[in-house]
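The values are calculated or read from the model by the stated rules, or taken from the named source; none is laboratory data. The shown structure was predicted, so the numbers you read here are calculated from the model rather than taken from an experiment. Cβ sites come from the backbone with ideal geometry, for glycine too, and all protein chains shown count toward neighbours.
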Amino acid sequence: MNRKKNIELLAETPEYDFLIIGGGASGLGIALDASNRGYKTLLLEKNDFAKGTSSRSTKLVHGGVRYLQNGDISLVIEALRERGIMRKNAPHLVRDLSFVIPSYDWWNSPFYGLGLKIYDMMAGNLGLGPSTILNKEETINLIPNVKKDGLWGGVIYHDGQFDDARMAVSIALTAEREGANLINYFSVDGLIKENHLITGVKCKDQITGIDYEIKAKSIINATGVFSDEIIKKDDPQAKAMIRPSQGIHLVLDKEFLDGPHAILVPHTTDGRVLFAVPWNGYVLLGTTDTLIDETLEEPIPLDKEVDFILKNAGTYMTKKPTRDDVKSVFAGLRPLAASEDNKESTKEVSRHHKVIVSKSGLISVLGGKWTTYRKIAEDTTNVACNVAGLPERQCNTQNLNISGYDPNTDWNDPLHVYGSDSQKVKAFGSEEKNSSLSEKVYITENQICWSIEKEMAITLEDVLARRTRCLFLDTAETEKIAPKVAEIMRSFLKEDDNWLARQLLQFNKIIKNYKLC
């Protein structure tokens, strides 16, 4: 992925078949599907790939136990099927994770056990393992920090875990392999119309400030929580189609789980579920579901959300987390498709996706979840082909290996997210540059340079937040190593001291949102 080269390629294509606005899970998935089918495909992302919601999930590839509880059977079946496909196509990024639901009433274990047997049955031959009822001793052995007072036992079941930002980068690499052109830091500022039909976009390179006009047969709005902004550019009178919901996550030391298994808290104080998940040597707690009115590029965790997670997680733990234990906090905005009356609570708004077409031909994909990104892409690509009058071609992504595909992944290797490219990352520079710059978060000089040269990382934040996950794991440690990482980038890019100062200044503003004051 070479940004300069990809921008130069724009002049060689007078008209694209697909022009996708937005480089999150949905947009990248569409770029992969469309390019694999042989369509000329361009994706433009205003910031970095997966800068928004798509890097801020609970890191789960799951059917959704909660959706089963809500009776959304069709979504559960679809998500379970896609979970299996995701694991099959990206075994270096998706793995089985066992979840334990502790029971404090004698009837909870058989009740949850029956529901999870149905969950297993829905997964069919794409299941990750059978659910099992546990006694008290077995539950404690699996999750030693569980509150033991009143514990009857529990249920263990299986779902998937992944690294969302690394999955996004890998999908982008795969799309490029299939012939797509992807460019980050390229904003779409207007739509071009002829005879009231959209024929292209006006856009700007955010790095150089140069303006462009690009023609395309189909324009796809895959901007998540910002979808209404693009829809309004098409039709200023259009009603709001997105209802944003904020979810935050807290990151703690691994001692708060003390094992490889996750905890699912089945009933929080507001009737939702809560996860405590092992991730990259830390523990991830989440999430909330808070209706918000303002869609920010850097959402801000609310104090009430932090207190909610700490209180509900502490109810099930012997060692109870406090604000002082939080290593990082991050917030994301779910792009929930708004209902007609817009009156449901956020937990009742469907996680199904919608693909809508305006009178002028703008195609917008709304809602959805990471697990179903491939199906979202398939549906959207099919609609776009019909709208643009393109020749129909079969979707092949169900059996398409994601970049780095490695069925023999060593999950103890911190470079496992690169899959079959991990040795290339190690060999990208000298041997001494394979040592981590930190004892707490894993990041090497070779990784940093690889992310710039091969993965289109532009800024210090790109490297520390998404090409590696340092910012999401430990803000204090990330703040400590940031100057060294920035200097490595400056040297590799042959930039000057002014560039270095700007990067550190900008990153220091961003990191404040990941700290608890």
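Please work out which residue is surrounded by the fewest Cβ atoms within 10 Å (Cβ to Cβ), limiting yourself to segment 124-148 and to residues that are modelled with pLDDT of 80 or more and small (Gly, Ala, Ser). Within segment 124-148, the match that is surrounded by the fewest Cβ atoms within 10 Å (Cβ to Cβ) is GLY129. Looking across segment 276-294, the residues that are within 17 Å of the chain's Cα centre (by Cα) and either among the hydroxyl-bearing types (Ser, Thr, Tyr) or loosely packed, with under 15 Cβ neighbours inside 10 Å (or both) come down to THR287, THR288. Of the residues making up segment 258-272, not a single one is assigned by TED's automatic domain parsing to the domain that holds ILE143, part of a strand (DSSP E or B) and touching a Ser or Thr at 6+ places or on another chain (Cβ under 6 Å). In segment 492-517, the residues that are over 16 Å from ALA476 (Cα atoms) form no Cβ pair under 6 Å with any partner that is part of a loop (DSSP other than H, G, I, E, B) and at pLDDT below 95, whether six or more places apart or across chains. crowded, with 20+ Cβ neighbours inside 10 Å, in the same structural domain as ALA222 (by TED's automatic domain parsing) and modelled with pLDDT of 90 or more: is that true of LEU60 in this structure? No: the conditions fail for LEU60.
Of the residues making up segment 368-395, those that are surrounded by fewer than 24 Cβ atoms within 10 Å (Cβ to Cβ) and more than 22 Å from the chain's Cα centre (by Cα) number 13.
Checked against (1) modelled with pLDDT of 90 or more; (2) of a type in the set (Lys, Arg); (3) within 20 Å of the chain's Cα centre (by Cα); (4) within 20 Å of LEU264 (Cβ to Cβ), LYS347 passes all but a single condition, namely (1).
Applying the selection to segment 242-260, what residues are more than 30 Å from PRO144 (Cβ to Cβ), of a type outside the set (Val, Ile, Thr) and touching a helix residue (DSSP H, G or I) at 6+ places or on another chain (Cβ under 6 Å)? Break it down stepwise before answering.
So the first thing to find is which residues in segment 242-260 are more than 30 Å from PRO144 (Cβ to Cβ), and the list is 242-246.
Checking the rest, the ones that are also of a type outside the set (Val, Ile, Thr) come to 243-246.
Hits for segment 242-260 are PRO244, SER245.
For every residue, the table says whether it meets (1) in contact with a His (Cβ under 8 Å, 6 or more places away or on another chain); (2) hydrophobic (A, V, I, L, M, F, W, C).
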| residue | (1), (2) |
| --- | --- |
| ARG3 | no, no |
| LEU32 | no, yes |
| ALA79 | yes, yes |
| ARG87 | no, no |
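Conditions (1) surrounded by 14 or more Cβ atoms within 10 Å (Cβ to Cβ); (2) closer than 16 Å to ASP48 by Cβ, marked per residue:
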site	(1), (2)
SER451	yes, yes
ALA465	yes, yes
THR468	yes, yes
LEU471	yes, yes
ILE488	yes, no
SER491	no, no
LYS494	no, no
ASP497	no, no
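Taken over segment 417-449, the criterion of being crowded, with 19+ Cβ neighbours inside 10 Å, of a type outside the set (Asp, Glu) and in contact with a Gly (Cβ under 9 Å, 6 or more places away or on another chain) is satisfied by VAL417, TYR418, GLY419, SER422, VAL441, THR444, ASN446, CYS449.
Tell me, please, whether a residue that is free of Cβ contacts under 8 Å to residues at least 60 places away in the same chain, closer than 25 Å to HIS353 by Cβ and either under 28 Å from the mean Cα position of the chain (by Cα) or not in a loop (DSSP other than H, G, I, E, B) (or both) can be found in segment 163-173.
Here is the first cut: in segment 163-173, the residues free of Cβ contacts under 8 Å to residues at least 60 places away in the same chain are none.
Checked segment 163-173: no residue is free of Cβ contacts under 8 Å to residues at least 60 places away in the same chain, closer than 25 Å to HIS353 by Cβ and either under 28 Å from the mean Cα position of the chain (by Cα) or not in a loop (DSSP other than H, G, I, E, B) (or both).
The single condition among (1) hydrophobic (A, V, I, L, M, F, W, C); (2) modelled with pLDDT under 95; (3) under 30 Å from LEU464 (Cα atoms) that VAL76 does not satisfy is (3).
Note on segment 216-244: among residues that are in a strand (DSSP E or B) and closer than 21 Å to GLY29 by Cβ, the one that is nearest to the chain's Cα centre (by Cα) is PRO244.
Mind listing whichever residues of segment 149-186 are of a type in the set (Gly, Ala, Ser) and either surrounded by 24 or more Cβ atoms within 10 Å (Cβ to Cβ) or touching a helix residue (DSSP H, G or I) at 6+ places or on another chain (Cβ under 9 Å) (or both)? Result: GLY153, GLY154, GLY160, ALA165, ALA168, SER170, ALA172, ALA175, GLY179, ALA180.
Only one residue in ILE458, ILE488 is in a loop (DSSP other than H, G, I, E, B) and either among the aromatic types (Phe, Trp, Tyr) or more than 29 Å from ARG323 (Cβ to Cβ) (or both). Which one? Working first, answer last.
Working: ILE488 fails: in a loop (DSSP other than H, G, I, E, B).
From the options ILE458, ILE488, the qualifying one is ILE458.
Yes or no: TRP499 in contact with a Gly (Cβ under 9 Å, 6 or more places away or on another chain) and not in a loop (DSSP other than H, G, I, E, B)? No: the conditions fail for TRP499.
Any residue at all in segment 13-25 that is in the same structural domain as CYS203 (by TED's automatic domain parsing), farther than 27 Å from PHE472 by Cα and among the charged types (D, E, K, R)?
We begin by selecting, within segment 13-25, every residue in the same structural domain as CYS203 (by TED's automatic domain parsing); these are 13-25.
Filter once more, so that each one left must be farther than 27 Å from PHE472 by Cα: 13-20.
Going one step further and asking which of them are among the charged types (D, E, K, R), we end up with 15, 17.
Within segment 13-25, one or more residues are in the same structural domain as CYS203 (by TED's automatic domain parsing), farther than 27 Å from PHE472 by Cα and among the charged types (D, E, K, R).
Against the numbered list (1) under 30 Å from TYR373 (Cα atoms); (2) without any contact (Cβ under 8 Å) to a residue 12 or more places away in the chain; (3) assigned to a helix (DSSP H, G or I), ASP413 comes up short only at (3). Would a scan of segment 281-298 turn up a residue that is among the β-branched types (Val, Ile, Thr) and outside any loop (DSSP other than H, G, I, E, B)? So far as segment 281-298 goes, yes, one or more of its residues are among the β-branched types (Val, Ile, Thr) and outside any loop (DSSP other than H, G, I, E, B).
Of all residues in segment 250-275, those satisfying the criterion of being surrounded by 19 or more Cβ atoms within 10 Å (Cβ to Cβ) and over 27 Å from SER109 (Cα atoms) are LEU250, VAL251, LEU252. Segment 1-109 holds helices (runs of 4 or more DSSP H) entirely within its bounds, and those carrying 3 or more residues that are under 22 Å from the mean Cα position of the chain (by Cα) map to 25-36, 65-69, 73-89.
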